[in-house]
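Novice: Next up is a structure, given as structure tokens.
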């Protein structure tokens, strides 16, 4: 199989590596509208060749969209306009608008809408890593609208990489992603901003920062180029979750204010049950 | 040196191990008001012997308080009432009330107020680990009020364990700890509660939880027995930081609501500068 990966950043670059490492593609062609990124990806051996978009789509078997979510729907349509039996897939963090936009496309069957639940706080081709994705879940949306051979190929790739596959409707995906991914991003940014604000008066505020702070604020290093489109494309879910999260913070704040030990104990015991989920 | 560690949980248990592993104490006596914890600590070899408080204080060289912060000030006074040349130290996460309570004690010089910036989300003697503390900072408050030999002994221990020492006033410590430790705890609890609330309608909400969610919510596994006293003893700082953090979340929420890409870009760029601090 020859694959073309469009977008050679953290996700696209790591996926290109996985395709080669697992023997899934003999040849991976890369496309990136930033020439420095394209050169870097080639230099790091993430892809075998870099081509302009037009020539990179011709004659390949699989086309992978790994670009920011605000750019996916339109490019998905433009590429579907040009494919015949090729398979097109995306790896974006929001799914509702994309699935809506391609729903009535004549070649809808050639597209597989996916979201692998993996990432780090770094970005660009330098951030791509070997062995990424393994052990994490991948969501496939509207599997029934993709042609059976396209689904089989894409699922085969994810299985080979070691990702359990979850089927979900796009609306359900975007709601759940807001709760267990997008919200963490916003709280991390806000936490970093809170402490950085304070640093203006208290220069040594970070001297005591330990492991707990690091783990809650780590995601604040993440690129806005990737995350602003996600937060805006999933706006209504993100706004809802943020409202609920602020509400929970206000409840805890009021309990602390009132020395409400029993209330805090009950809330923390409940929060502790997250142990069921993360080990 | 013979040391007595009072409180054989995560912190006390790990410190007892370090005292033995580094050859700092020939013998470590343990005290815990929970007999099951005491037995477990003995069984795990965290301490050489378990004694009741009264006999554990007699004739030892160093007495370490590693109990919840609400219990430290009173026990510090009771123990200082009984020491002669012995050294007493605590390892608590808040320092202002403790330093105030012991300030005029006749034996104040025998006490060294410390806070090693290390912990995990687990608790109890089962959670104690070898090699804890190394590489993290430790705060010593009001060093000038401790006798030189007491400071030298305690600093010698922390240096041997591999902890850089920071001197700080108790008020400064509590303010900084609220920003870079206590707030992370509250946001983690609130984040867990937000998603657990949603799980009542959406049973599969956690199916997509990945590394980002895990790292921001990890601290929500932490014990209320340890954290409620910290949040309440450091109440006014924690309330201030929480108000500021909620304010930052509301600003980000409003920018998302208004599709304010430029505002989000500026905020996220600023948050990204946390890279200076955590690597």
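Novice: Could you check how many residues of the range B:128-151 are loosely packed, with under 13 Cβ neighbours inside 10 Å and either under 16 Å from residue B:62 (Cβ atoms) or in contact with a strand residue (DSSP E or B) (Cβ under 6 Å, 6 or more places away or on another chain) (or both)?
Specialist: Summing the residues that are loosely packed, with under 13 Cβ neighbours inside 10 Å and either under 16 Å from residue B:62 (Cβ atoms) or in contact with a strand residue (DSSP E or B) (Cβ under 6 Å, 6 or more places away or on another chain) (or both) in the range B:128-151 gives 2.
Novice: Go over the candidates A:129, A:151, A:139, A:180 one by one and state the one that is touching a residue at least 24 places away in the same chain (Cβ under 8 Å) and within 7 Å of another protein chain (Cβ to nearest Cβ).
Specialist: Exactly one residue qualifies, and that residue is A:139.
Novice: Which of the following residues is modelled with pLDDT of 95 or more and within 12 Å of chain B (Cβ to nearest Cβ): A:157, A:166, A:161?
Specialist: Being modelled with pLDDT of 95 or more and within 12 Å of chain B (Cβ to nearest Cβ) holds for just one of A:157, A:166, A:161, which is A:166.
Novice: On the given criteria, is residue A:192 closer than 30 Å to residue A:72 by Cβ, at the interface with chain B (Cβ under 7 Å from one of its Cβ atoms), touching a helix residue (DSSP H, G or I) at 6+ places or on another chain (Cβ under 8 Å) and without any contact (Cβ under 8 Å) to a residue 60 or more places away in the chain?
Specialist: Considered against the rule, which asks whether it is closer than 30 Å to residue A:72 by Cβ, at the interface with chain B (Cβ under 7 Å from one of its Cβ atoms), touching a helix residue (DSSP H, G or I) at 6+ places or on another chain (Cβ under 8 Å) and without any contact (Cβ under 8 Å) to a residue 60 or more places away in the chain, residue A:192 comes out as yes.
Novice: So, of the residues in the range B:261-273 that are free of Cβ contacts under 8 Å to residues at least 12 places away in the same chain and at the interface with chain A (Cβ under 7 Å from one of its Cβ atoms), which turns out to be farthest from residue A:198 (Cα to Cα)?
Specialist: So, considering only residues that are free of Cβ contacts under 8 Å to residues at least 12 places away in the same chain and at the interface with chain A (Cβ under 7 Å from one of its Cβ atoms), the one farthest from residue A:198 (Cα to Cα) is B:261.
Novice: Oh, and also: Taking the stated definitions as given, is residue A:152 assigned to a helix (DSSP H, G or I) and assigned by TED's automatic domain parsing to the domain that holds residue A:242?
Specialist: So residue A:152 fails the test.
Novice: Got at least one residue in the range A:160-169 being in the same structural domain as residue A:120 (by TED's automatic domain parsing), surrounded by fewer than 22 Cβ atoms within 10 Å (Cβ to Cβ) and part of a helix (DSSP H, G or I)?
Specialist: yes
Novice: I've got another one for you. I'd like to check something: does the range A:221-238 contain any residue that is closer than 23 Å to residue B:176 by Cα and either out of contact with any strand residue (DSSP E or B) (no Cβ under 8 Å at 6 or more places or on another chain) or at pLDDT 95 or above (or both)?
Specialist: Among the residues of the range A:221-238, at least one is closer than 23 Å to residue B:176 by Cα and either out of contact with any strand residue (DSSP E or B) (no Cβ under 8 Å at 6 or more places or on another chain) or at pLDDT 95 or above (or both), which makes the answer yes.
Novice: Residue A:45: more than 26 Å from residue A:152 (Cα to Cα), at pLDDT 95 or above and not in a helix (DSSP H, G or I), yes or no?
Specialist: When the stated conditions are applied, residue A:45 passes them.
Novice: What about residue A:107, is it more than 19 Å from residue A:15 (Cβ to Cβ) and touching a helix residue (DSSP H, G or I) at 6+ places or on another chain (Cβ under 7 Å)?
Specialist: yes
Novice: Mind checking which residues of the range B:19-37 are without any contact (Cβ under 8 Å) to a residue 40 or more places away in the chain and either in a helix (DSSP H, G or I) or surrounded by fewer than 19 Cβ atoms within 10 Å (Cβ to Cβ) (or both)?
Specialist: Answer for the range B:19-37, where residues must be without any contact (Cβ under 8 Å) to a residue 40 or more places away in the chain and either in a helix (DSSP H, G or I) or surrounded by fewer than 19 Cβ atoms within 10 Å (Cβ to Cβ) (or both): B:20, B:23, B:26, B:27, B:33, B:34, B:35, B:36.
Novice: Is one or more of the residues making up the range B:62-80 more than 30 Å from residue B:237 (Cα to Cα), in contact with a helix residue (DSSP H, G or I) (Cβ under 9 Å, 6 or more places away or on another chain), assigned to a loop (DSSP other than H, G, I, E, B) and at pLDDT 95 or above?
Specialist: No; the residues of the range B:62-80 include none that is more than 30 Å from residue B:237 (Cα to Cα), in contact with a helix residue (DSSP H, G or I) (Cβ under 9 Å, 6 or more places away or on another chain), assigned to a loop (DSSP other than H, G, I, E, B) and at pLDDT 95 or above.
Novice: Where residues in the range A:105-126 are within 14 Å of chain B (Cβ to nearest Cβ) and assigned to a loop (DSSP other than H, G, I, E, B), which of them is surrounded by the fewest Cβ atoms within 10 Å (Cβ to Cβ)?
Specialist: A:122
Novice: Please go through the range B:177-195 and pick out each residue that is farther than 13 Å from residue A:184 by Cβ and out of contact with any strand residue (DSSP E or B) (no Cβ under 8 Å at 6 or more places or on another chain).
Specialist: B:178, B:179, B:180, B:181, B:182, B:183, B:185, B:186, B:189, B:193 - these are the residues of the range B:177-195 that are farther than 13 Å from residue A:184 by Cβ and out of contact with any strand residue (DSSP E or B) (no Cβ under 8 Å at 6 or more places or on another chain).
Novice: Those residues that are within 7 Å of another protein chain (Cβ to nearest Cβ) and buried (at least 16 other Cβ atoms within 10 Å of the Cβ), I need them from the range A:242-260; list them, please.
Specialist: A:242, A:244, A:245, A:246, A:248, A:249, A:252, A:253, A:256
Novice: Being at the interface with chain B (Cβ under 7 Å from one of its Cβ atoms) and either surrounded by fewer than 24 Cβ atoms within 10 Å (Cβ to Cβ) or in contact with a helix residue (DSSP H, G or I) (Cβ under 8 Å, 6 or more places away or on another chain) (or both) is the requirement here; does residue A:225 meet it?
Specialist: For residue A:225, the condition - at the interface with chain B (Cβ under 7 Å from one of its Cβ atoms) and either surrounded by fewer than 24 Cβ atoms within 10 Å (Cβ to Cβ) or in contact with a helix residue (DSSP H, G or I) (Cβ under 8 Å, 6 or more places away or on another chain) (or both) - is not met.
Novice: Which residue, of B:186, B:101, is outside any loop (DSSP other than H, G, I, E, B) and closer than 21 Å to residue A:195 by Cβ?
Specialist: Going through B:186, B:101 in turn, the sole match is B:186.
Novice: Another question, then. In the range A:38-72, how many are in contact with a strand residue (DSSP E or B) (Cβ under 9 Å, 6 or more places away or on another chain) and buried (at least 17 other Cβ atoms within 10 Å of the Cβ)?
Specialist: Number satisfying all stated conditions: 17.
Novice: Please indicate, with yes or no, whether at least one residue in the range A:197-220 is out of contact with any helix residue (DSSP H, G or I) (no Cβ under 6 Å at 6 or more places or on another chain) and either modelled with pLDDT of 95 or more or at positive phi (or both).
Specialist: Checked the range A:197-220: no residue is out of contact with any helix residue (DSSP H, G or I) (no Cβ under 6 Å at 6 or more places or on another chain) and either modelled with pLDDT of 95 or more or at positive phi (or both).
Novice: Ok, one more. Testing residue B:87 on (1) surrounded by 15 or more Cβ atoms within 10 Å (Cβ to Cβ); (2) within 15 Å of the chain's Cα centre (by Cα); (3) under 30 Å from residue B:43 (Cα atoms), one condition comes back false. Which one is that?
Specialist: (2)
The values are calculated or read from the model by the stated rules, or taken from the named source; none is laboratory data. Because the structure is predicted, anything quoted here is derived from the model rather than measured. Note that each Cβ is placed from the backbone with ideal geometry, even for glycine, and that neighbours are counted across all protein chains shown.
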